[in-house]
Amino acid sequence: MLDARLGGALATTRLVYDTPSLCARHLEKQHSWRPALAEALADRAGSDGPPAIALAVRAGAALGCLNTALEYWTASDGRLDLVTLLDEAFASLKG
């Protein structure tokens, strides 16, 4: 059984995914995060210039992993562990 905090997160996530306008806004917002994530990866790597395309791709892939894990978690009504789903999503990028 989910605690109240996770139950609220599940209800909110379900609402966002089930409401086309909210889902579109959610994806639009995440798309705007990609450059900042790529920049953070570049900073972490010690790069002085703009992020390489590979870093932008990795940032986009990370957001894709997050969304896929959330979709599976929501579809399971929170029965699956979200952290495990995220780990599985990221691991799938390696192989």
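Rounded to the nearest 0.05, the FRET efficiency derived from the C-beta distance between residue 52 and residue 32 at R0 = 25 Å is 0.80. For the chain, the equivalent ellipsoid derived from the Cα gyration tensor has semi-axes of 28, 16, 11 Å, listed largest first. Projected label points at residue 19 and residue 90, each 7 Å from Cα along the beta carbon direction, are separated by 3.0 nanometres. Each Lys or Arg adds one and each Asp or Glu takes one away; over the other residues whose Cβ falls under 12 Å from the Cβ of residue 40, this sums to +1. Evaluated with a Cβ-only charge set (Lys, Arg +1; Asp, Glu -1), the chain carries a dipole of roughly 120 debye about its Cα centre, given to the nearest 20. Overall, the anisotropy analysis places the stretch 54-95 in the prolate class: the square-rooted eigenvalues a ≥ b ≥ c of its C-alpha gyration tensor yield a/c not less than 1.5, with a/b exceeding b/c. For the chain, trypsin sites (Lys or Arg not before Pro) are listed when DSSP marks them as loop and at most 10 other Cβ atoms sit within 10 Å of their Cβ; the list is 79, 94. For the set 21, 76, the ranking by accessible area, highest first and with no ligand, DNA or RNA atoms included, is 21, 76 under a 1.4 Å probe. Couplings for the stretch 18-34, taken from phi via the Karplus curve 6.51 cos²θ - 1.76 cosθ + 1.60 with θ = phi - 60°, read 8, 10, x, 5, 5, 5, 4, 5, 4, 5, 4, 5, 5, 4, 6, 6, 3 Hz in order; Gly and Pro are left as x. For the set 48, 3, 18, solvent exposure ranked by accessible area (probe 1.4 Å, protein chains only) runs largest to smallest as 48, 18, 3. Using a probe radius of 1.4 angstrom, the carbon and sulfur fraction of the accessible surface of the chain is 62%.
The values are calculated or read from the model by the stated rules, or taken from the named source; none is laboratory data. Treat the numbers as computed from the prediction; the structure is a model and nothing was measured. Every residue, glycine among them, receives a Cβ derived from its backbone with ideal geometry; neighbour counts consider all protein chains shown. Side chains are part of the model used for accessible areas, which takes the heavy atoms of the whole protein and leaves out ligands, DNA and RNA. Shrake-Rupley method; radii C 1.70, N 1.55, O 1.52, S 1.80 Å.
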